[in-house]
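Contents: one structure, followed by commentary.
The values are calculated or read from the model by the stated rules, or taken from the named source; none is laboratory data. In this text the structure is predicted, and so the values were computed from the model without any measurement. We place every Cβ from the backbone using ideal geometry, glycine too, and count neighbours over all the protein chains shown.
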Amino acid sequence: MDLYVVAHPKFSSRYKYICEHLQSATKATPRFVGIVGADALRSCDHHQHRTDLTPGQIGCALSHVNAYREIVNGQVEKAVVVEDDAVLPPDFDSTVSAIMVHLREGEIISLHSPNLQQRQVSQHGALSIGRHRIFFPMEAATVRSALCYIIHKEAALRLLKANQNVKYLADDFSAFWEEGFVKHLRIASPQIVKVAGFESTIGYHGSAPRRIIARLVNKIPFMSRYLEGRRMHMRLLRDNNHVFVDQISQLEIGNKNYE
């Protein structure tokens, strides 16, 4: 299994966590592809990337692009991309290997796609892998996270070309579908891969003062533990928002814009 890990030593606690976790969770040899957005911006023209994105968002997107580059350059047929706050299940290797057998050309299968609101998922063509199930959502917007996914080389090639100069967030699967970068999209439900309770490095807090305050609060031991538990609880609640329907999804039939 070819495993690419979005992690960088600069984010020391997350990097330490994922390195230790991978040692016990998988036999695959990880390839680390993490890029720090602030560092990348210092070495390029700021207008090279979308100017409304935070350095964290740009770094995340470039890290995934870095994974796509290695997949394409290494002529890897199928690969797994995982972020540094993923919690892999004990049967991760066997589950991923079994899913990969069914991966289609140009497809991405997300192993972690929580939803804030209820989303319809098609039962047609559902795939059972041991105790896990894989479904085609009715809409691409249901695919909500880049925490851990399996990707076919053709999708990696298209995303590499499209996002070397960052135009899309790493998890903007709705745009990937609309633009024809992927041919099929599937998700696991319930989630196969969970997320740890780390504070986001993306920079969703808006203004710089709010991001600074958030970092300071997270350094207070009891507040850090409380917020970590709260984040994990809220994230788990989002796993229950898939509504199963019998209609065939366009995401199964195939993207009309994919060429």
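At-a-glance table
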item	result
Within region 146-167, considering residues that are over 13 Å from the mean Cα position of the chain (by Cα) and part of a loop (DSSP other than H, G, I, E, B), the one surrounded by the most Cβ atoms within 10 Å (Cβ to Cβ)	Val166
Pairs, first under 14 Å from Gln247 (Cβ atoms) and touching a residue at least 60 places away in the same chain (Cβ under 8 Å) in region 130-146, second of a type in the set (A, V, I, L, M) and assigned to a loop (DSSP other than H, G, I, E, B), C-beta under 9 Å, six or more apart	Phe136/Ile248; Pro137/Val143
Val5 being modelled with pLDDT of 95 or more, surrounded by 21 or more Cβ atoms within 10 Å (Cβ to Cβ), touching a strand residue (DSSP E or B) at 6+ places or on another chain (Cβ under 6 Å) and closer than 22 Å to Trp177 by Cα	no
Filter pass, Gln117 being surrounded by fewer than 16 Cβ atoms within 10 Å (Cβ to Cβ), polar (S, T, N, Q) and at pLDDT below 95	yes
From Leu41, Leu53, Leu62, residue being crowded, with 22+ Cβ neighbours inside 10 Å and at negative phi	Leu62
Region 173-197, residues that are of a type in the set (D, E, K, R) and surrounded by fewer than 19 Cβ atoms within 10 Å (Cβ to Cβ)	Glu178, Glu179
Filter result (assigned to a loop (DSSP other than H, G, I, E, B) and of a type in the set (A, V, I, L, M)) within region 129-145	Met138, Val143
Helices (runs of 4 or more DSSP H) completely within region 170-250 that count 3 or more residues being of a type in the set (A, V, I, L, M, F, W, C), at negative phi and at pLDDT 75 or above	173-178
Among residues of region 7-48, those that are under 19 Å from Val195 (Cα atoms) and charged (D, E, K, R), counted	3
Residue list for region 1-29, restricted to those being closer than 27 Å to Leu53 by Cβ and touching a residue at least 40 places away in the same chain (Cβ under 8 Å)	Leu3, Tyr4, Val5, Val6, Ala7, His8, Phe11, Ser13, Arg14, Tyr15, Tyr17, Ile18
Test: residue in region 77-100 that is of a type in the set (S, T, N, Q) and in contact with a helix residue (DSSP H, G or I) (Cβ under 9 Å, 6 or more places away or on another chain)	no
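To keep it simple, each residue is scored yes or no on (1) among the charged types (D, E, K, R); (2) under 26 Å from Glu179 (Cα atoms); (3) out of contact with any Asp or Glu (no Cβ under 6 Å at 6 or more places or on another chain).
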{"residue": "Arg14", "(1), (2), (3)": "yes, no, no"}
{"residue": "Tyr17", "(1), (2), (3)": "no, no, yes"}
{"residue": "Phe32", "(1), (2), (3)": "no, no, yes"}
{"residue": "Ala67", "(1), (2), (3)": "no, yes, yes"}
{"residue": "Ala86", "(1), (2), (3)": "no, no, yes"}
{"residue": "Pro90", "(1), (2), (3)": "no, no, yes"}
{"residue": "Val96", "(1), (2), (3)": "no, no, yes"}
